[in-house]
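Contents: one structure, followed by commentary.
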Amino acid sequence: MGISCDDAVLIQPSKVSGEPCVVTVNCPDKPGLGCDLCRIVLEFGLSITRADFSTDGRWCYIVLWVVPYSSSHKVKWESLKNRLLSVCPSYLASFYYNQQSNNTLHPSIYLLKLCCIDQKGLLHDVTKVLSELEFTIQRVKVMTTPDGRVLDLFFITDGRELLHTKERHDEACQHLIAVFGEWCISCELELAGPEYGSLQGFSSLPPAIAEELFFPEQLNEEAGSQALKSDMTKPKKATVTVDNLLSPGHTLLQIQCVDQKGLFYDILRTSKDCNIQIAYGRFYSSVKGFRNMDLFIQQTDGKKILESKQQIALCSRLKQEMLHPLRVIIANRGPDTELLVANPVELSGKGRPRVFYDVTLALTKLGICIFSAEIVRHSTSDGQWEVYRLLLEENPEFPLASSKARNQIVDSVTRALMGW
């Protein structure tokens, strides 16, 4: 038996402006489904204010209360519903889920070549349009020429998976040309060729930069709350408590930490990568600025987590992901100033949504132009990272050599990424 498509994902709009919309998912379960759903919600610019979810391993029931991060952000609810449905196991499938089917084919990669006359905030404007079109940026190469032109190479995937059709292809090109008007010199969109493979390799970050980005000395429980100290007099550490007495068959994790953008996604992503099965969970607000989560979990063998070594490792990993889901530093690349932003990549190979959007937005608000940009992958002992490398243009009103200016850039970018 199954349920109809209309019942698998339901979206109930809020009756009062500013109140959350309710998203309900009722479908067969699969490993990491909660993470996949939250990733899409984050990709659509939505914040999860509350969540309840449960599963018996065969069927799951998930309720998410969501609001846009920005009051001016218009959400395409029908597109959101279709995207959520796309990651749900077939609503007409049997209760049993074949885990091998989780290794789905990767979506096709397309290359967007956009040549424009340079202007302030251009890169963010292009990123915003791509987001509105439901394209995901996989790689980017941005180059500014001496004659004031910018060549943007975006390697993208289509959330709707329709870019192979002429209608979708023409819609994208026409929309980009219409938005940028006379600033747009040319716009080409085609299936990516061998040039994409040359950009898939891992980066060779200078050892000193890699050390500062991935293993900074200040990476401790206090550091994750530093950016909040101007807003909150007593920043609170992330806490994870393990309880094996309350449930006979599950380990209870009780989590509390400072609220931030993508928090629910980060926790479920970590659980997915650690092969932790969540039978029941609740995500809610305790006091202003903080979030609580209760998770009843098991190992893949269906047993509780009883060994103290495993408990410590899991708690440490969760705290690290809650306090430091992203890394932001400024470094020198020869005579140039480089902004580096890193975020962990899921074991599935997917990076965090909207990072490039948030970074370019923060820099645009500061009036800082980007000379060139690229997205690379970097491997550490803890896994893979997606690294955004942006060379910043000098600005007489914002001297990049100043430590005050650099700290302001790091703070502004961090706040944009964390939703603070």
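Observations on the model:
- Residues within the stretch 144-159 that are in a strand (DSSP E or B) and either crowded, with 17+ Cβ neighbours inside 10 Å or charged (D, E, K, R) (or both), tallied: 10
- Just one of the numbered conditions (1) touching a strand residue (DSSP E or B) at 6+ places or on another chain (Cβ under 8 Å); (2) surrounded by fewer than 21 Cβ atoms within 10 Å (Cβ to Cβ); (3) closer than 18 Å to GLY121 by Cβ is not true of VAL376: (3).
- Single unsatisfied condition, ALA279 versus (1) free of Cβ contacts under 8 Å to residues at least 40 places away in the same chain; (2) surrounded by 14 or more Cβ atoms within 10 Å (Cβ to Cβ); (3) among the small types (Gly, Ala, Ser): (1)
- Note on the stretch 257-276: residues that are touching a helix residue (DSSP H, G or I) at 6+ places or on another chain (Cβ under 8 Å) and more than 17 Å from SER47 (Cβ to Cβ) amount to 5.
- When LYS309 is tested against the conditions (1) without any contact (Cβ under 8 Å) to a residue 40 or more places away in the chain; (2) over 27 Å from LYS237 (Cβ atoms), the lone failure is (2).
- Per the listing PRO353, PRO335, PRO344, the residue uniquely crowded, with 20+ Cβ neighbours inside 10 Å and either over 16 Å from the mean Cα position of the chain (by Cα) or farther than 21 Å from LEU205 by Cα (or both) is PRO353.
- Meets criteria (within 25 Å of CYS369 (Cβ to Cβ), in the same structural domain as LEU123 (by TED's automatic domain parsing) and part of a helix (DSSP H, G or I)) for VAL179: yes
- Any hit, the stretch 132-142, residues being over 19 Å from the mean Cα position of the chain (by Cα) and not assigned by TED's automatic domain parsing to the domain that holds LEU80: yes
- When TYR97 is tested against (1) in the same structural domain as PRO20 (by TED's automatic domain parsing); (2) at pLDDT 90 or above, only condition (2) is not met.
- Residue, surrounded by the fewest Cβ atoms within 10 Å (Cβ to Cβ), within the stretch 284-293, restricted to residues that are within 10 Å of GLN256 (Cβ to Cβ) and not hydrophobic (A, V, I, L, M, F, W, C): SER286
- Remark: pairs (first residue in the stretch 394-410, within 16 Å of LEU340 (Cα to Cα); second residue among the polar types (S, T, N, Q) and surrounded by 10 or more Cβ atoms within 10 Å (Cβ to Cβ); Cβ separation under 7 Å; 6+ apart in sequence or on different chains) = LEU400/THR337.
- Among residues of the stretch 239-269 being free of Cβ contacts under 8 Å to residues at least 24 places away in the same chain and among the aliphatic types (A, V, I, L, M), the one that is farthest from ILE48 (Cα to Cα) is LEU245.
- Residue that is surrounded by fewer than 18 Cβ atoms within 10 Å (Cβ to Cβ), basic (Lys, Arg) and in a loop (DSSP other than H, G, I, E, B), where the choices are LYS141, LYS113, LYS120, LYS128: LYS120
The values are calculated or read from the model by the stated rules, or taken from the named source; none is laboratory data. This is a predicted model, so every value here is computed, not measured. All Cβ positions, even for glycine, are placed from backbone atoms using ideal geometry, and neighbour counts span all protein chains on display.
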